[in-house]
Amino acid sequence: MVRRQRPNANVQKQVHYSDRFHVVRSTPKTPVVGTPYEVIYNHLNYEHQILESYIELNCAVFWVQKQDLVSVAQVLKKVGYSTLSEMSAIDFLEQRDQFELFYQFASYLPNFADKRRVRVKCTLGAQERVESLSHLFKSAQWSEREAYDMFGIVFENHPHLRRILMPEDWVGHPLLKSYPLKGDEHAAWYEVDKIFGKEYREIIGPEQRDSARVDEKDTFNFSKVGHEQAKGLSLEDNPGKHAFQKSLFVKDLHTNEPTELKERP
């Protein structure tokens with residue numbers, strides 16, 4: 001029996017939020033109490049509400065409220081975590097209308113060898129903003145710009161919040177799970193409009209963004225039956241290049257005597 005798709009079903013949601021593909025098991029989580037990270041927990045818990053804490057992959061994870069991010073980061077920097085090595089977000093908008101933000105801190109002090117890494121996490125609503133950490137950690141200037149570019153998250157008081165990977169006039173945020181894998185309508189015409197102009201759309205056509213597409217007329221990237229191919233030329237046939245030492249697997253190619261493939265080898 002064939003099960004038919006309901007016309008109003010959210011196909012994209014089914015692709016991204018179902019166990020259609022292999023789902024890796026969650027890594028084990030152990031309590032912070034009784035570990036070297038307990039002293040860090042006590043520092044943070046003294047003035048802030050720690051919603052959840054655990055050890056995962058030898059890293060202490062502390063969940064806090066978004067309004068406490070700056071003060072928590074200040075405490076961590078004061079006790080020895082002087083490096084913000086990573087910051088980004090995860091899109092959970094379809095599931096619970098939230099982003100999940102994470103900040104990875106590291107300490108390289110000799111006496112921190114058994115408590116080297118701390119991760120601070122919080123949730124952020126779809127339309128909410130969060131305070132920037134760029135005044136505490138210079139690396140946040142780059143990572144927050146990337147989160148803004150890829151997810152559209154706005155960081156208050158960032159000194160230079162603008163796109164960092166995509167062009168300034170790009171439409172949309174490519175790491176949102178709602179963003180089409182091959183780009184949207186704007187992406188399909190972006191380079192055509194920029195290089196040639198919108199008046200050339202009918203002549204050139206939309207940009208081909210399918211990396212798995214094979215064009216039977218593309219003889220530059222693919223060897224096709226019925227198309228001329230360059231014939232291999234050995235170094236002995238080209239004395240002008242004897243001065244260069246080349247690998248035995250490399251051949252000089254020329255098109256003086258091209259051959260035509262009758263069938264695939």
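Couple of notes before you dig in:
- Boolean, V61 is open to solvent by less than 90 Å² (accessible area, probe 1.4 Å), of a type in the set (A, V, I, L, M, F, W, C) and at pLDDT below 80: no
- Given (1) touching a helix residue (DSSP H, G or I) at 6+ places or on another chain (Cβ under 9 Å); (2) open to solvent by 80 Å² or more (accessible area, probe 1.4 Å); (3) among the β-branched types (V, I, T), index of the condition V32 fails: (2)
- When residues of segment 117-158 are limited to those that are without any contact (Cβ under 8 Å) to a residue 24 or more places away in the chain and farther than 15 Å from S71 by Cα, the one least open to solvent (accessible area, probe 1.4 Å): R145
- Of residues in segment 168-220 being modelled with pLDDT of 80 or more and among the hydroxyl-bearing types (S, T, Y), the one nearest to the chain's Cα centre (by Cα): Y179
- Single residue of segment 181-207 satisfying the filter (assigned to a helix (DSSP H, G or I) and of a type in the set (G, A, S)) that is nearest to W170 (Cα to Cα): A187
- Sub-9 Å Cβ pairs linking a first residue in segment 93-110 that is on the phi > 0 side of the Ramachandran plot to a second residue that is loosely packed, with under 14 Cβ neighbours inside 10 Å and among the small types (G, A, S), at least 6 apart or interchain, are D97/G125; D97/A126, ordered by first then second residue.
- Within segment 39-91, the set of residues being among the polar types (S, T, N, Q), within 23 Å of Q127 (Cα to Cα) and under 24 Å from the mean Cα position of the chain (by Cα) comprises S88 only.
The values are calculated or read from the model by the stated rules, or taken from the named source; none is laboratory data. A quick note: this is a predicted structure, and the numbers were derived from the prediction, not measured. Reconstructed Cβ throughout: ideal geometry from the backbone, glycine too, with neighbour counts over all protein chains shown. Accessible surface is based on the protein model in full, side chains and every heavy atom, while ligands, DNA and RNA are left aside. Shrake-Rupley method; radii C 1.70, N 1.55, O 1.52, S 1.80 Å.
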